[in-house]
Amino acid sequence: MKQKENHIDKLLTLRTRREFSEQTTDWYKSISLPDAKRLARHINTLESIEHVFRLGVIHTYTSDLLNPWLDFHAAIQGLELHTYHAPYGMNIMESQENSGLFAHKPDLTLFLLTREDLHPSLANPISEYNDGQLQQIHDEIITHLANILSKFRTNISGHFVLTILPRILPAALGLFDAQADRSEEAWWASLKEAIATKLRNTIESSMFVDLDQMLATLGRKQFFDLRYWYTSRFPFTPQAANELARRTLNLAAVLKYPKAKVIVLDADNTLWGGIVGEDGINGISLGPEYPGNTFVDFQHRLLDFQKRGFILAICSKNNPEDVQDVLDNHPHQVLRKHHFSAQRVNWLPKPENLISLAEELNLGLESFVFVDDSDHECNMALNQLPQVQVIQTPAKPVEIPACLEQIARLEILSLTQEDQQKTQLYLQENQRKNLQKELEAGGNDIRQYLASLNMEMNISIDSTDNISRLAQLTQKTNQFNLTTRRYSEQQIRHFIESEQWTVASFSLSDTFGYSGIVGLALFHHLNTSETEIDSFLMSCRVIGRQAETAFLVFMLNYLASNSVSSVAADYLQTHKNKLVSDFYDNHDFLLEKNGRYKRDLSEFQLDKDLFPPIKVTHKTEK
Amino acid sequence: MNTQDQVMQTIAETLNVPLSTINKDSAAENMDIWDSFAQVNLMMALEQTFDITLEVEDLMKLNSVTSITDFIERNS
């Protein structure tokens, strides 16, 4: 008990919220309820709240008891939490426009359901049913869940998180379950997979969070408290309530804060143990034995993060040859040169390197997560670049492989094809830059360079195929974004279906590869002849290829041929979109007295000579 | 700090009320905020703070400063 108090006393000396949210260990795990309250109060007196977060809870077991833990993790994430607990039960009324949930306007709705809510038969162990019955139950569950959630989706905005409480008792067949041909765990696992697939394909902005994963992390005894379950229908131990709240508020942080996009890594004592400049390539710890095996695992974990859609970069004070030698030749190095989208290996101060990395990658510093073992480097970055999230690599090698697991902003809410190919896309961009340099050195102009890329643009109009990507573009794009309006998947779907809107997006491919969907424009038709451009944006990674001009001119031509005679547009300045401040000026729009841009399309003619050297195809679906 | 003070402090923290509003006679029956939810939260807080394990039968009975203090002194 003495020890516990000291632990809290130490936490109460932390001076900033960042220090709490950037802890690499699961320090919060053993916090008691009164301590969680003290800490939450302490954290909230340190700094002002950054955002309000509105949480809705639909529950078929007691959920109010989660409140202190939700408030605790909200404090850590800098969120002022407003929680609404719907009346007990899986109540369809809550999906209606006069419901408490609707009025609460939740940013996120957490569904806390039990297995019986999915299907009454699940109140009993599944070993009581035969194969045919099980298949029927499976199918009925999927249909039933999809029905209910789509009713909620119709009226309730924000993100949905579905959870299903694991069975209070372990599998009916006990130890033999894993061996049984009708294993309960196996059936349950396949059901969960089907639920997740259904959600992914039919319910926008929704995700299934698997509580079995949490059960496995904590252990059954640390997860369920049967005393409170049987007396108050509250299933969780304080540790489990704490963990569930943490996971929920991590998602809240991902929704409310700028997206993290890059993990910038120090090399010595982060990617490997020891200092390559002193210990030599054969002297660093990296390989099958301790402590080298912890670094190998950490590198594999970084590859996982890359698969989540984060790109990797190196920022190290070293001789470039030494680091390159390890990347190219060390037999146990997992991450090779091609895994890193950019590198800064030199002796310059790291904040300076981070700034130039941001420029090279065309990304804002607020999308950076910087990982370094040195107190000095971490403090420099913290003090000089407050936008950057700084994570200090733990001193104990065994803690290194999992050191990024607690970082909320490294969680993701969706995974598009573009996310998974991101590293490759940045690699292609480097090849383009090299080609451009070569051509410029040979006295060619920009148009010749662009023509040599053999670009093809594919424009989709009102297609429902990639709604999650389109919503993601509005949420993530900051620099090449004329109005910076953020839209959810449901809103995008609404625009696509509405006659008053035209939703156009494009993908681009060239000699070096396919960019994925990188541009989006939303046109709002005020009447048959007047249209306004509600949003016009493009991913940074295709900047510099005149794709924006091709896209805009093509769309103006499309509108003109659909009898639109005038287009209004706005440039809404933010501190990040200076890049496009003269975009409309450069595209023959006139700035009117009311501050809006306008372009007359009544005599619009497509000028083929001025059109960028891009072959455009399009398909329309409305 | 004696057990009773520690109990009163834990109650104040858990119910989100100033310590000054809690005295040795405080109990669920004379505090509106000490409802059944608060009771469950309080039991969890007591278990964690005093490192004790409560039986189901104790959960609802321990609803005053006196009964809680007595229980902890008897069981630790």
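Data table
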| quantity | calculated |
| --- | --- |
| Qualifying residue in the range A:105-120 (condition: open to solvent by 20 Å² or more (accessible area, probe 1.4 Å), in contact (Cβ under 8 Å) with a residue 12 or more places away in the chain and among the polar types (S, T, N, Q)) | no |
| Checking A:ASN67 against (1) away from every other protein chain (no Cβ under 13 Å); (2) open to solvent by 30 Å² or more (accessible area, probe 1.4 Å); (3) under 24 Å from A:PHE223 (Cβ atoms), the condition it does not meet | (1) |
| Selection within the range B:1-20 - open to solvent by less than 70 Å² (accessible area, probe 1.4 Å) and either in contact with a Lys or Arg (Cβ under 7 Å, 6 or more places away or on another chain) or within 12 Å of another protein chain (Cβ to nearest Cβ) (or both) | B:GLN4, B:GLN6, B:VAL7, B:MET8, B:GLN9, B:THR10, B:ILE11, B:ALA12, B:GLU13, B:THR14, B:LEU15, B:VAL17 |
| Some residue of the range A:3-25 being without any contact (Cβ under 8 Å) to a residue 60 or more places away in the chain, within 13 Å of chain B (Cβ to nearest Cβ) and touching a Pro at 6+ places or on another chain (Cβ under 9 Å) | no |
| Subset of the range B:32-76 (residues that are assigned to a helix (DSSP H, G or I), facing chain A (nearest Cβ under 9 Å), open to solvent by less than 30 Å² (accessible area, probe 1.4 Å) and free of Cβ contacts under 8 Å to residues at least 24 places away in the same chain) | B:VAL40, B:MET43, B:MET44, B:GLU47, B:LEU59 |
| Test: residue in the range A:543-557 that is of a type in the set (Gly, Ala, Ser), out of contact with any Phe, Trp or Tyr (no Cβ under 7 Å at 6 or more places or on another chain) and open to solvent by 10 Å² or more (accessible area, probe 1.4 Å) | yes |
| Looking only at the range A:400-442, and only at residues there that are charged (D, E, K, R) and loosely packed, with under 14 Cβ neighbours inside 10 Å, the one that is nearest to the chain's Cα centre (by Cα) | A:GLU405 |
| Per-region count, the range A:276-303, residues open to solvent by 40 Å² or more (accessible area, probe 1.4 Å) and part of a helix (DSSP H, G or I) | 7 |
| Residue tally, condition of a type outside the set (A, V, I, L, M), under 17 Å from A:ILE203 (Cβ atoms) and part of a helix (DSSP H, G or I), over the range A:119-158 | 9 |
| Where A:SER32 falls short, out of the listed (1) surrounded by fewer than 20 Cβ atoms within 10 Å (Cβ to Cβ); (2) under 21 Å from B:VAL40 (Cβ atoms); (3) hydroxyl-bearing (Ser, Thr, Tyr) | (1) |
| Residue match in the range A:229-240 (condition: modelled with pLDDT of 95 or more, of a type in the set (Gly, Ala, Ser) and in contact with a strand residue (DSSP E or B) (Cβ under 9 Å, 6 or more places away or on another chain)) | yes |
| Selection count where residues are open to solvent by 70 Å² or more (accessible area, probe 1.4 Å) and among the β-branched types (Val, Ile, Thr), scope the range A:562-599 | 0 |
| When residues of the range A:229-270 are limited to those that are in contact (Cβ under 8 Å) with a residue 40 or more places away in the chain and more than 23 Å from A:GLU22 (Cβ to Cβ), the one most open to solvent (accessible area, probe 1.4 Å) | A:ARG233 |
| Counted residues, the range A:167-189 - those being out of contact with any helix residue (DSSP H, G or I) (no Cβ under 7 Å at 6 or more places or on another chain), assigned to a helix (DSSP H, G or I) and charged (D, E, K, R) | 0 |
| Hits in the range A:478-502 - residues which are among the hydroxyl-bearing types (Ser, Thr, Tyr), within 21 Å of the chain's Cα centre (by Cα) and crowded, with 19+ Cβ neighbours inside 10 Å | A:TYR487 |
| All strands (runs of 3 or more DSSP E) inside the range A:503-622 with 3 or more residues being in contact with a helix residue (DSSP H, G or I) (Cβ under 8 Å, 6 or more places away or on another chain) | A:513-525, A:530-538, A:614-620 |
| Qualifying residue in the range A:227-236 (condition: within 14 Å of chain B (Cβ to nearest Cβ), touching a Leu at 6+ places or on another chain (Cβ under 9 Å) and in a loop (DSSP other than H, G, I, E, B)) | yes |
| Filter result for A:ALA568 (of a type in the set (A, V, I, L, M, F, W, C), touching a Ser or Thr at 6+ places or on another chain (Cβ under 8 Å) and at pLDDT 95 or above) | yes |
| Any hit, the range A:158-167, residues being surrounded by fewer than 16 Cβ atoms within 10 Å (Cβ to Cβ) and not charged (D, E, K, R) | no |
| Test: residue in the range A:548-570 that is under 21 Å from A:ILE467 (Cβ atoms) and either charged (D, E, K, R) or free of Cβ contacts under 8 Å to residues at least 40 places away in the same chain (or both) | no |
| Residue selected from the range A:190-226 under the condition assigned to a loop (DSSP other than H, G, I, E, B) and surrounded by 16 or more Cβ atoms within 10 Å (Cβ to Cβ), by the criterion nearest to the other protein chains (Cβ to nearest Cβ) | A:ASP225 |
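The values are calculated or read from the model by the stated rules, or taken from the named source; none is laboratory data. Since this is a predicted model, take the numbers as computed values, not measurements. Note: ideal-geometry Cβ built from the backbone for every residue, glycine included; neighbour counts use all protein chains shown. Side chains included, ligands, DNA and RNA excluded: accessible areas come from the protein's heavy atoms. Shrake-Rupley method; radii C 1.70, N 1.55, O 1.52, S 1.80 Å.
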